[in-house]
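Visitor: To start, I am sharing the structure in question, which I have written as structure tokens.
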Amino acid sequence: MIELFDYTNQDIIRNSQQLTDYDEIMEVLRARHSFVQGFPIAGAEIVAGTMMVLDGQEHLARRRLLGSLMSDEAIAGNRQNFLFPVIEQTLEQVAADHRDTDGVVRADLVLLAQRFVHRIAARLAGIDDLEDADRADEFIRLIRAIAAGIGADWSLSDPAGDAAEGLKALTAYRDHFFEPSRTRRMKLIDAGEDVPDDLITRMYSKWEDGWDAELPLRESAVLMVGATQTTSASVVLFILRMHDWLEQHPGHAGRVLGEPGFLQRAVFESLRRTVASPARIRRAVDDVELSTGRTIEAGERVGLLFLEANQDPSRFGNNADGFDPDRTITEGSSWGLAFGGGTHACLGRPMITGNPKLETEGTVTTIVRRLYQAGIELDGVPQRDPDTHYPIFTEVPVRLEKL
Amino acid sequence: MSRVRVDPSLCEGSGYCFGLSKLFRETPQGTAESAITGELSPPQEIEAREAEDLCPVRAISMID
């Protein structure tokens, strides 16, 4: 129930040479001179000119402008100033609004995860005023529609309709959220006052002549989509996977909060099976021969099937298609290709995973730890979204027994 | 004074470091390695720290 629907019959995949071998995929991702972003993308208008579709020096320049929002120092500040307060504020709202007559707080984990993650990501993008729950939920609805527009090529329902709805949502996002936040920052910049360090501030402070007027709008929307959709789904999927695993492994529940390192390892294991996109598409600009002997002609598209690669037994061991929080691997990251790799590796990965060298915890681990501390238990049947290949749920009823 | 190193077991070849600084170079496998083994000058240290911040897999380390 919590895996991807079959997606390999989609045109976007069938028209590409499919790669499932982990090392071959990494070789393509690293070959920045031979491959460029290659998806046809129905939602191209939404992402035009953003970091998501840039290559080469333009991509590097944008990455330099925005990448240090994810420096270790910035992340440490974000955790103290945004992450922890947002988690507590969101739980307080849920406790106030959803406590039943028996004294137990019952809520929808999907909505809860989305509020956590969207409020945190909005601080990075530079979107203000999401404290009100209704306003936060409207913001979440728009970002989800924009995400569906960007990912319309993967839609199981109406790709053209999803792309059109995405554009409409981008306009509403601009009018109700982006523009008020932008105006506030422009006034601060003009007055020479301190401004929050976020995407909007950086782009307007270091404006480049070649940019069109709405590029920061689209870049902020793409950042919001990239930072929220997979991350909020990761929180939900982790709770569901751990629930199933604990049912199959009675007696291990105490490890979740009691065993140092267990939760972080378990989250990484879940991330391995939570890819942001069923496949990444790259287009060869030259004739290429990979080290395995596979040949790819100039102009040909390759579909990089991350989930298959992340289930390679030679790298991840036996039962690599299952969830095993005690899995150990000998090479590479335990989350595999969940964040992509090469030039277009996920910008937010250091915040999601933490920095193992500094022993800092990632965002998903921090959120689910707090949910377990709040006594989270499933309280009904999870409802899956039927309109997407992604294992996304529309509703997951939970109890928060210690809130 | 600091030195800089790239952990080959972590590097996944984003290419940002050698795209922005000659302190790093690309290996035949598309990953990065340090192009300088000695101590860094103050301007080099600024470049190396930007590369360290930009690296998505935290493969770059400054050694004081």
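The values are calculated or read from the model by the stated rules, or taken from the named source; none is laboratory data. These numbers were taken from a predicted model, which means no experiment stands behind them. All Cβ positions, glycine included, derive from the backbone under ideal geometry; neighbour counts span all protein chains shown. Quick note on the areas: whole protein, heavy atoms, side chains included, nothing else; ligands and nucleic acids left out. Shrake-Rupley method; radii C 1.70, N 1.55, O 1.52, S 1.80 Å.
Visitor: Is there a residue in the range A:314-322 that is free of Cβ contacts under 8 Å to residues at least 60 places away in the same chain, outside any loop (DSSP other than H, G, I, E, B) and crowded, with 22+ Cβ neighbours inside 10 Å?
Guide: Taking every residue of the range A:314-322 in turn, at least one turns out to be free of Cβ contacts under 8 Å to residues at least 60 places away in the same chain, outside any loop (DSSP other than H, G, I, E, B) and crowded, with 22+ Cβ neighbours inside 10 Å.
Visitor: Wholly within the range A:235-310, which helices (runs of 4 or more DSSP H) include no fewer than the required count, namely at least 3 residues that are over 14 Å from A:GLY38 (Cβ atoms) and charged (D, E, K, R)?
Guide: Correct list: A:262-272.
Visitor: Still on this model: Could you give every pair whose Cβ atoms fall below 8 Å, whose first residue belongs to the range A:323-334 and is away from chain B (no Cβ under 14 Å) and among the hydrophobic types (A, V, I, L, M, F, W, C), and whose second residue is surrounded by fewer than 17 Cβ atoms within 10 Å (Cβ to Cβ) and outside any loop (DSSP other than H, G, I, E, B), counting only separations of at least 6 or pairs across chains?
Guide: A:PHE323/A:ASP244
Visitor: How many residues, within the range B:5-64, are among the small types (Gly, Ala, Ser), more than 10 Å from the chain's Cα centre (by Cα) and not in a loop (DSSP other than H, G, I, E, B)?
Guide: Adding up the residues that qualify gives 1.
Visitor: Within the range A:257-270, is even one residue hydroxyl-bearing (Ser, Thr, Tyr), closer than 30 Å to A:THR366 by Cα and open to solvent by 10 Å² or more (accessible area, probe 1.4 Å)?
Guide: No, because not a single residue in the range A:257-270 is hydroxyl-bearing (Ser, Thr, Tyr), closer than 30 Å to A:THR366 by Cα and open to solvent by 10 Å² or more (accessible area, probe 1.4 Å).
Visitor: OK, next. Output yes when any residue across the range A:77-84 is more than 14 Å from chain B (Cβ to nearest Cβ), part of a loop (DSSP other than H, G, I, E, B), polar (S, T, N, Q) and surrounded by fewer than 16 Cβ atoms within 10 Å (Cβ to Cβ), and no when none is.
Guide: Scanning the range A:77-84, I find no residue that is more than 14 Å from chain B (Cβ to nearest Cβ), part of a loop (DSSP other than H, G, I, E, B), polar (S, T, N, Q) and surrounded by fewer than 16 Cβ atoms within 10 Å (Cβ to Cβ), so the answer is no.
Visitor: Does A:SER71 fit the bill of being small (Gly, Ala, Ser) and within 14 Å of chain B (Cβ to nearest Cβ)?
Guide: yes
Visitor: Only residues that are part of a strand (DSSP E or B) and of a type outside the set (Val, Ile, Thr): list them for the range A:85-112, please.
Guide: A:ARG99, A:ARG106, A:ALA107, A:ASP108
Visitor: Within the range A:344-398, restricting attention to residues that are within 29 Å of A:ARG32 (Cα to Cα) and hydrophobic (A, V, I, L, M, F, W, C), which residue is surrounded by the most Cβ atoms within 10 Å (Cβ to Cβ)?
Guide: A:MET351
Visitor: Can we say A:VAL364 is touching a Ser or Thr at 6+ places or on another chain (Cβ under 6 Å), away from chain B (no Cβ under 14 Å) and assigned to a helix (DSSP H, G or I)?
Guide: Yes; evaluated as a whole, the condition is true for this residue.
Visitor: Continuing with this model, one more query. Examine the range A:155-173 for a residue that is aliphatic (A, V, I, L, M), modelled with pLDDT under 95 and open to solvent by 70 Å² or more (accessible area, probe 1.4 Å), and state whether such a residue exists.
Guide: Checked against the condition, which is being aliphatic (A, V, I, L, M), modelled with pLDDT under 95 and open to solvent by 70 Å² or more (accessible area, probe 1.4 Å), the range A:155-173 yields at least one hit.
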